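Working notes for the structure below.
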Protein chains: 2
Amino acid sequence: MQRKLKDIGEFGLIKRIAEKEKVFGKEVIVGIGDDSAVIKYKKGYHLLLTTDMLIEGIHFNKKATPFQIGYKSLATNISDIAAMGGIPKYALVSLGLKKETSIKFVDEIYRGIRSLAKKFKVTILGGDTVSSPKIIINIALSGEVKKNYLTLRKGAKPGDKIYVTGTLGGSILGKHLSFIPRVKEARYLVENFHPTSMIDISDGLLSDLKRVCEASKVGARIYQEKIPLSQGVISLAKKKKENPYRLALTGGEEFELLFTLSKKYKNCRGRIHPTRGFITQIGEITKRGIVLLDEKNKVIHLRKIGFDHFKNAGNIS
Amino acid sequence: MQRKLKDIGEFGLIKRIAEKEKVFGKEVIVGIGDDSAVIKYKKGYHLLLTTDMLIEGIHFNKKATPFQIGYKSLATNISDIAAMGGIPKYALVSLGLKKETSIKFVDEIYRGIRSLAKKFKVTILGGDTVSSPKIIINIALSGEVKKNYLTLRKGAKPGDKIYVTGTLGGSILGKHLSFIPRVKEARYLVENFHPTSMIDISDGLLSDLKRVCEASKVGARIYQEKIPLSQGVISLAKKKKENPYRLALTGGEEFELLFTLSKKYKNCRGRIHPTRGFITQIGEITKRGIVLLDEKNKVIHLRKIGFDHFKNAGNIS
């Protein structure tokens, strides 16, 4: 039987692609396998390159306004640049639209893109428009990062503390369409604390933590009750008879930052609590294995909260 | 009645987008409106950024092999870098695929991309994979160009001679899936002749010539019988009871270069005929209007060969 894409998941596909890729020239610092690719650039800076594709019915439904679709498409890309410690700069927009689409609808998509572009001083440099049976939007975003601010997924060391920005669990409440990418928070962190690793939470806290652990060749211990829950997620969980922490630990598209700081900052909690967005310590890096603990420090089996190492290893979303 | 996308076409949409775009910073040399965007880069070089989206049923049908789909997606982007006089460098690949897609199919798409990447020393830096009801492939490609080799659409002057590389009319015979982007030819041209303008033929010779004329604020005179026809296009035209020149003048996805040289090169035909691919002079730049002449120098009405200034002004393909 032929193996299907769903059998290996996105992580499996990325590994498969990365293994065969050939790097030409000496200017590639990071290729496949981080939030953005990193290339040698002008003096003191690296160039960052990233791309994200959103498709109607998968990443947004018919209830999403065209403004929200445009907004989200740029926001997810900016989040990838932020997770490297960088500043977004230039966007190329590819749009797939029905020929019957009204000009007003297209204008609204662009108004959504522009509202965020203006906020983060991103210049839209053009792109491509094609006819398509479903709405598709792909943005390729470039950015830059000061060499000494570059923060990768690899670099976490046993003993480092694990943090997240903001709150988790709000994605399904609509946050995925309106979040503000954590560029300022990431800048604050790289300027003041040199995080040992950083990633944005796009596939879910546990999935993305797994990526950091694999890249850094370490493990992690997470204290469930320390997870900062989004407003509304507790009542939503009650309604759905769900565990609110399950939503926060496995929900994708949160676009908060997950990062690690050297333990030397353990007495600097005040300083790690800037006015520009709050951060919460949720655990620490260990030598191996990902362990989730309840309020009595008892191990919670990850399968119990719906995290399957195989299945959740990057759904093709 | 609400205006639809098909009412304004791609050119109309691009104008609409470009008018509202805000450029942040002083590093943008060319934004919307050329084959690639141009950004200040390292000493002596500009950075080039371009993107292209291909969709099943529009840019390729079910007969196209996955190898061809991958190949074409990178080739169209490389063609855009070549048209600026540049060298392609880094690619980000976004793939929309059904979850039921076999791994072999994905491998074949990548084999197609890699075969061309290897030829032109392009490094694939990653991308995004999402589930989609139709096959979608978007590549964002960056490249570089020596500052003094940068060639734009604007710059053509009355009296300049108009040239094309290769032959035209072959796209519908399958060339659009297997063409070799004209990087070497473009390099030869920018190193030896400093073309005053250049574009790749993606929407059709007349459509793309119109773009050059609008950007350069000039007109053009084309001698129909000088158009170099692809092998097979004459017999195909006979079979279809078509005018072969109509196919060559209006057919999209030829991916040949259309460029102009200063008239000072008029006596250098030998030199403009390098072994690395032949070029043909097909007309000259005038002050205004686009005029097509037959072998007796009689004007051929463009509408007669199926070119409608409005309708053909960039179909959303």
Q | Charge dipole (debye, nearest 20) of region A:68-125; +1 at Cβ of Lys and Arg, -1 at Cβ of Asp and Glu | A | 160
Q) Within chain B, which is the longest segment containing none of the GluC sites (Glu not before Pro) that sit in a DSSP loop and have at most 11 other Cβ atoms within 10 Å? A) B:101-294
Q: Please turn the phi angles of region A:285-291 into ³J(HN,Hα) values with the Karplus equation 6.51 cos²θ - 1.76 cosθ + 1.60 (θ = phi - 60°), one per residue in order, whole Hz, x for glycine and proline.
A: 7, 10, 6, 7, x, 10, 10
Q) Rounded to the nearest whole Å³, what is the per residue volume of the convex hull around the Cα atoms of region B:152-305? A) 109
Q | Rounded Å value of the spacing that divides the Cα centres of region A:168-193 and region B:92-139 | A | 30
Q: Can you quote the Å³ per residue value for the convex hull of the Cα atoms in the protein assembly as shown, rounded to an integer?
A: 162
Q. According to a simple spin-label model (label point 7 Å from Cα along Cα-to-Cβ), what is the distance in nm between residue B:234 and residue A:6?
A. 5.4
Q) What number, rounded to the nearest 500 deg cm²/dmol, is the helix-based mean residue ellipticity at 222 nm of chain A, given -39500 (n - 2.57) per DSSP H run of at least four residues and division by all its residues? A) -8500 deg cm²/dmol
Q: Could you size up the charge dipole of region A:152-305 around its Cα centre, putting +1 on the beta carbon of Lys and Arg and -1 on that of Asp and Glu, and report it in debye to the nearest 20?
A: 460
(Q) I want the local charge near residue B:101. Using Cβ-Cβ distances under 10 Å, sum +1 for each Lys or Arg and -1 for each Asp or Glu among the other residues. (A) +4
Q: List the extent of the Cα atoms of region A:5-148 along each of their three principal axes, largest first, rounded to whole Å.
A: 47, 40, 22
Q: Would you mind checking which residues have amide H under 5 Å from residue B:300's amide H? H placed 1.01 Å from N; only 5 or more apart, or other chain.
A: B:292, B:293, B:294
Q | Exam field: residue A:65 pseudo-label spacings to other copies (7 Å along Cα-Cβ), nanometres | A | 4.9
Q: With 20 Å bins from zero, work out the P(r) of chain B over every alpha carbon pair and list the percent per bin.
A: 31, 60, 9
Q: Give the residue from A:61, A:285, B:106 lying farthest towards the positive end of the charge dipole for the protein assembly as shown; charges sit on Cβ (+1 for Lys and Arg, -1 for Asp and Glu) and the dipole is referred to the Cα centre.
A: A:285
Q: Please find the FRET efficiency linking residue A:157 to residue B:121, where r is the Cβ-Cβ separation and R0 is fixed at 45 Å, and quote it to the nearest 0.05.
A: 0.80
Q. What spacing in nm lies between the two simple spin-label points modelled at residue A:301 and residue A:286, each 7 Å away from Cα in the Cβ direction?
A. 1.7
Q: List the relative contact order of region A:63-221 as a percent without decimals, with contacts defined as Cα pairs under 8 Å and 6+ residues apart.
A: 34
Q. What's the tally of Lys pairs in region A:29-145 whose alpha-carbon atoms lie under 21 angstrom apart, where the two lysines are 8 or more places apart or on different chains?
A. 28
Q | Radius 10 Å from Cβ of residue A:92, net charge of other residues (Lys, Arg +1; Asp, Glu -1) | A | -2
Q: Please give, to one decimal in nm, the separation of the simple spin-label points placed at residue B:16 and residue A:16, each 7 Å out from Cα toward the Cβ.
A: 4.0
Q. Would you list A:111, A:182, A:303 from fewest to most Cβ contacts within 10 Å?
A. A:303, A:111, A:182
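Just so you know, all these numbers are worked out from the coordinates, no wet-lab data involved. These numbers come from a predicted model, not from an experiment. Neighbour counts run over all protein chains shown; Cβ positions are idealised from the backbone, glycine included.
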